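The values are calculated or read from the model by the stated rules, or taken from the named source; none is laboratory data. It should be emphasised that the depicted structure is a prediction, and the values quoted were computed from it without experimental measurement. Backbone-built Cβ (ideal geometry, glycine too); neighbour counts: all protein chains shown. Remember, those area values only see protein heavy atoms, side chains included, never the ligands or the DNA or RNA. Shrake-Rupley method; radii C 1.70, N 1.55, O 1.52, S 1.80 Å.
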Amino acid sequence: MTTTLEPRAIGRDLARRDGGAKVRGTAVYADETPVADPLFCRIVQATVARGRVTEVDTADASALDGVVAVLTTADAERLASTDDAELAVLQGTGIGFRGQIVAAVLAGTDEVAREAADLVRVTYAEEEHDARLSADRDDLYTPESVNPTYPPDTAEGDMAAAMAEAPVTLDRTYTTPMHHNNPMEPHATTALWEPREGDGGHLTLWDSTQGVHPVRQTVTQIFGLEPEQVRVICPFVGGGFGSKGTPHANVVMAALAARAVPGRPVRLALTRQQMFSLAGYRTPTIQRMQLAAERDGRLRGIAIDVVEQTSRIKEFAEQTGVPTRNMYAAPNRRTTHRLAALDVPVPSWMRAPGECPGMFGPEVAMDELATALGLDPVELRIRNEPEVAPETGKPFSSRNLVACLREGAERFGWAGRDHRPGVRLEDGWWVGTGVAASVYPTMRMPKSTATVTYDGGRYVARIGAADLGTGAWTVLPQIAADALGAPVEDVDVLIGDTDHPEASVAGGSSGTTTWGSALVEAVREFRDKYGDAPQDGDAASGSVKPNPAEEEYVMSAFGAQFAEVRVHTDTGEVRVPRLYGVFAAGRIVNPRLARSQFLGAMTMGLGMALHEQSLLDPRTGHVVNHDLAEYHVPANADVDDLQAHWIDEDDPYVNAMGSKGVGEIGIVGTAAAVANAAWHATGVRLRDLPVTLDRVLPGR
Amino acid sequence: MRPFAYATPPDAREAVLAVAERPDATFLAGGTNLVDHLRLGVAAPGLLVDVTALTSAEIDDLSDGGLRIGAAVRNSDLAADRRVRARYPVLAEALLAGASGQLRNMATTGGNPLQRTRCVYFQDVTTPCNKRAPGSGCAALGGATRNHAVLGASEHCIATHPSDMAVALAALDARVQVLGPDGEREIPFTELHTLPGDTPERDTVLEHGELITAIDVPDLPIATRSRYRKVRDRASYAFALVSVAACLDVAGGEIRDARIALGGVAHKPWRAHRAEEALRGAPATDESYRAAAAAELADARPQEGFDGGNAFKIPLLTGTLVSTLRALAGEETRA
Ligand SMILES: Cc1cc2nc3c(=O)[nH]c(=O)nc-3n(C[C@H](O)[C@H](O)[C@H](O)COP(=O)(O)OP(=O)(O)OC[C@H]3O[C@@H](n4cnc5c(N)ncnc54)[C@H](O)[C@@H]3O)c2cc1C
Ligand code: SF4
């Protein structure tokens, strides 16, 4: 058990510290970094999905006035490490997916760079590609582990026997499509390589990233540089949703380009279209669910068999089946993951990888089971609440799913719901309601360090953390202030720079837990050394420590989402007049910022429910709806009453803040709640996302 | 994207000559469609002739009781005009259903009907497209066809016209005023856009250098009871899957007259003459509306596609038409 901080600044509804600068437009983003006389880099992308580059004709591009360099495989520098095929930019002629970088142009203006990029002629020896995912492929394989390090398959008891013998069973397949993260700010880097006498040179990257230190680590490996030779700076990020959690090819390209023009800064910003092949995405998933139940609803068995894709050149295995491992009690259980390695862009993290797609199939299946049993779907979930974590038998540090379900049902007005589908008609709309559960693990990264300095009457902490719009600039001072016992107004926390102590990635909703713990340790050191009356210049540092409680307890946030859906009787148009989420995510460090995380994630979940779908044309291997006019995210008019609530949760085991992480749980379960409500409205069971009007259209 | 010259000639006549004499010249109005195409490489003109200051930005009363809408009138101003809202609600509603507030503030009356298809392959220069590169093939056939045509398509192109405003104008019997190198001419709005046939590179009957100076809407009493109903994949800020512009004259439960145009179904705003014919004299009932839809859609041919295709557009159009006409007839009952 850790001692939880006395909350004084923690829990306060403080406005974003960086809000004013962002509203006024003075917050500087990567591509706007003021540098002298920059060059602009534009990339050329492969137009075949598999094969080889046989010739790159750069004559016309090079001849253009203002072009400084055209980089191709033939002349780009050889990288020190090409182990990661996604990042081995311009290192070989092989094409692993359509959209791969095959050349780049550097010019004095962005316009000239763009024109020159269009003039580069690339010839290919095209090979037949394969970009079609299906569950009946004969080349599906089992990955060694699924993201980040879970075993791919688990089994307990005898699932087959449970299915054969249980009085009520369900065996259904659910699918979620390919999704793209699409942060507002495209992936962008300003890069500067400065050759220096004696020390081998220095690279500065102003990069839009979820972690400056992880970027530095990757870049040093790839270029064979020492950490002191690379500085990564990122004060602000216009959203990442996982797509900036690991550096993608664009970052390597920017560094390569900068090193080709020593002393000259280079800007490289991807276009929206380019982001659809170079910045990661969520794999489509095929989820076969089996549920075996007693007549009273208690599960005798639960299984999920997942089929999904990765790219042929690099494996990423989404942990879609993992949430099923600890969600509901059942003596017989199975989870499996099978991958198809296709000639497609490299998948990666997207908000709540694993949990987000992986709670769609199970939570719709639970709804179907409730119907088969004639049970209230809220009650069915409560009856399957486990005493201990089903997979390991360890207790939960705290688990308040039932409280969330009850509180949500109360707020939503669930009691007395008529469970029959397709029987409520109001003004030409079918009306229905649905529920689903949310879950997200509480994670802490092993490494992060902070320093605290006393400077001119203020405490200044430093840590290379990232604020991708989430609120780290604001929340970290709240934590440091309470650790110090100082007013939050007297505390600064500086982030977003590798000149600050090393920090972990802003991913897995682990930022506040990990960086906050490092700050608490640094403050402890500081107070141990200097007591309560420090002198100017006093400084101490501390690092996050392993939490022994993690061995004893399973730590997770839980939630419940309730949706009301209307479906137009003539057109099938789907609207969501109400979407309520109730979460149990430990102590809420800043209610205003947490609410925007919950609401933002629920909105993204709404997009997953109703709109989002990357259309990968199997004939070409590229996503054809690659802009925001065609790849739809929700508009205000899609939803009326969107609410996020939380229950006070006191968890003494997670960390000194008592917090569990709020960035991702809000997207988990939303789509299932909406799909379940759409079924309740229309009687059409929706097992494939998104719920577009043609799927519920009368007379279709 | 390649460099281009930008010109602002003193008047419309000069602008027409400037464009007519250069095959690679083009007019620029609000730029909300053309500038995207410059960026995407879909269009690569050598000269942009800005006409926003050269055509009228006024809406004038015509002697026959109609309105003349200058080509430079912004979509947001047109939608807000009192006369338009009272006499042609279908037009105001169509405009407001399109794009976003910011885009409507830029988009013009002349540019809107000339916006080009949103076919994803047309907008992607790495794929074949007969409209963008004649003779290269049509990548949409068997591709992503959710937004494509079910009426009047050809084997060379199955694209749809994306404008909402144009659907209303087709229903309203609008007329297009055109200035060309050889003088002025008037084109019935329903004849402005073409079907793809074997010249899918053409969207309209306008010749190179012909400038739209204004669009006239005639005095049309039936239009006071009119509606625009747009159905799309999200509640706002999306192009139509299908849309219906309808004017209905109902008395004593009988339909006296109707004007109907359909959007999202063809290479042009689709004036539904067959449906209008079927409605005239029929009782104002769902059965009549459904029969009208069936008459209009008798020749509809859905497209297959890896995205599931667009067969759903046929029941969707039927439902949308029925729902729109029912609502319009309901207005009569209330009146
Ligand atoms: C994200 C997005 C969403 C949109 N959603 C919708 C929607 O839902 N519904 C909808 O209807 N539209 C929508 N639009 C399209 C928008 O309405 C059009 O882009 C706009 O109406 C075009 O008008 P403009 O004045 O900007 O034309 P421009 O882009 O300037 O020109 C378009 C074309 O018309 C030509 N042209 C312009 N004026 C004249 C003239 N007077 N005579 C002859 N030729 C001329 C130009 O040469 C060019 O080829 C959307 C656009 C965007 C970017
Ligand atoms: S449908 Fe028309 S616009 Fe689309 S790809 Fe085919 S030819 Fe081009």
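A few points about this structure:
- Qualifying residues in the stretch B:17-39 (those that are within 27 Å of B:ASN105 (Cβ to Cβ) and more than 9 Å from ligand 1 (Cβ to nearest atom)) - the one most open to solvent (accessible area, probe 1.4 Å): B:ARG39
- B:PHE122 fulfils the conditions (1) out of contact with any Lys or Arg (no Cβ under 6 Å at 6 or more places or on another chain); (2) under 30 Å from A:VAL624 (Cβ atoms) except for a single criterion, (1).
- Qualifying positions in the stretch B:2-16 - open to solvent by 50 Å² or more (accessible area, probe 1.4 Å) and under 30 Å from A:VAL120 (Cβ atoms): B:ARG2, B:PRO3, B:PHE4, B:TYR6
- Among (1) open to solvent by 10 Å² or more (accessible area, probe 1.4 Å); (2) more than 14 Å from every other protein chain (Cβ to nearest Cβ), the one test that B:ARG232 misses: (2)
- Residues that are touching an Asp or Glu at 6+ places or on another chain (Cβ under 8 Å), open to solvent by 10 Å² or more (accessible area, probe 1.4 Å) and assigned to a helix (DSSP H, G or I) within the stretch A:459-481 comprise just one, A:TRP473.
- Subset of the stretch B:313-335 [at the interface with another protein chain (Cβ under 8 Å from one of its Cβ atoms) and either charged (D, E, K, R) or free of Cβ contacts under 8 Å to residues at least 12 places away in the same chain (or both)]: B:PRO315, B:GLY319
- Pairs are defined by a Cβ separation below 8 Å, a sequence spacing of at least 6 or placement on different chains, a first member in the stretch B:19-32 that is away from ligand 2 (no atom under 16 Å from the Cβ), and a second member that is basic (Lys, Arg); the pairs so defined are B:GLY30/B:ARG74.
- If you check A:ARG685, A:ARG700, A:ARG619 for being at pLDDT below 95, in contact with a Phe, Trp or Tyr (Cβ under 8 Å, 6 or more places away or on another chain) and either outside any helix (DSSP H, G or I) or over 30 Å from B:SER100 (Cα atoms) (or both), only one passes: A:ARG700.
- Unique match (being under 30 Å from A:PRO441 (Cβ atoms) and within 11 Å of chain B (Cβ to nearest Cβ)) among A:PRO690, A:PRO618, A:PRO698: A:PRO690
- Residue within the stretch A:581-604 that is within 14 Å of chain B (Cβ to nearest Cβ) and either touching a His at 6+ places or on another chain (Cβ under 9 Å) or open to solvent by less than 10 Å² (accessible area, probe 1.4 Å) (or both) present: no
- Subset of the stretch B:156-169 that is over 11 Å from B:VAL217 (Cβ atoms) and more than 10 Å from ligand 1 (Cβ to nearest atom) - its residue that is farthest from the chain's Cα centre (by Cα): B:HIS156
- Scope the stretch B:107-140; condition within 9 Å of ligand 2 (Cβ to nearest atom) and not in a loop (DSSP other than H, G, I, E, B); matching residues: B:CYS129, B:CYS138
- Within the stretch B:217-237, tally of residues that are within 14 Å of ligand 1 (Cβ to nearest atom) and closer than 25 Å to B:ARG74 by Cβ: 8
- The single condition among (1) free of Cβ contacts under 8 Å to residues at least 40 places away in the same chain; (2) part of a helix (DSSP H, G or I); (3) open to solvent by 40 Å² or more (accessible area, probe 1.4 Å); (4) within 13 Å of ligand 1 (Cβ to nearest atom) that B:ALA79 does not meet is (3).
- Subset of the stretch A:396-447 (residues that are of a type in the set (A, V, I, L, M, F, W, C), open to solvent by 30 Å² or more (accessible area, probe 1.4 Å) and part of a strand (DSSP E or B)): A:LEU425, A:TRP429, A:TRP430
- Considering residues of the stretch B:102-118 that are more than 6 Å from ligand 1 (Cβ to nearest atom) and not charged (D, E, K, R) only, the residue most open to solvent (accessible area, probe 1.4 Å): B:GLN102
- The set of residues in the stretch B:52-71 that are within 12 Å of ligand 1 (Cβ to nearest atom) and either open to solvent by 10 Å² or more (accessible area, probe 1.4 Å) or in a strand (DSSP E or B) (or both) comprises B:THR52, B:ALA53, B:LEU54, B:THR55, B:SER56, B:ALA57, B:ILE69, B:GLY70.
- Apart from one condition, A:VAL28 fits all of (1) within 29 Å of the chain's Cα centre (by Cα); (2) at positive phi; the exception is (2).
- Test: residue in the stretch A:680-688 that is more than 20 Å from the chain's Cα centre (by Cα), more than 23 Å from B:GLY319 (Cβ to Cβ) and touching a residue at least 40 places away in the same chain (Cβ under 8 Å): yes
- Filtered residues of the stretch A:650-685 (kept if crowded, with 21+ Cβ neighbours inside 10 Å and within 14 Å of chain B (Cβ to nearest Cβ)): A:VAL674, A:THR682
- Within the stretch B:141-177, tally of residues that are near ligand 2 (Cβ under 8 Å from one of its atoms) and surrounded by fewer than 24 Cβ atoms within 10 Å (Cβ to Cβ): 2
- Condition met for A:ALA116 (without any contact (Cβ under 8 Å) to a residue 24 or more places away in the chain and either within 12 Å of chain B (Cβ to nearest Cβ) or in contact with a helix residue (DSSP H, G or I) (Cβ under 9 Å, 6 or more places away or on another chain) (or both)): no
- Checklist (1) in contact (Cβ under 8 Å) with a residue 40 or more places away in the chain; (2) within 16 Å of ligand 1 (Cβ to nearest atom); (3) over 20 Å from B:ILE212 (Cβ atoms) applied to B:LEU141, failing item: (2)
- Hey, A:ALA9 part of a loop (DSSP other than H, G, I, E, B), over 16 Å from A:ASP467 (Cβ atoms), of a type in the set (A, V, I, L, M, F, W, C) and more than 14 Å from chain B (Cβ to nearest Cβ) or not: yes
- Matching residues in the stretch B:296-328 - criterion: being open to solvent by 10 Å² or more (accessible area, probe 1.4 Å), under 28 Å from A:LEU689 (Cα atoms) and of a type in the set (Lys, Arg): B:ARG301
- Summed over the stretch B:271-312, the residues that are closer than 30 Å to B:ALA139 by Cβ and either of a type in the set (Asp, Glu) or more than 14 Å from every other protein chain (Cβ to nearest Cβ) (or both) give a count of 9.
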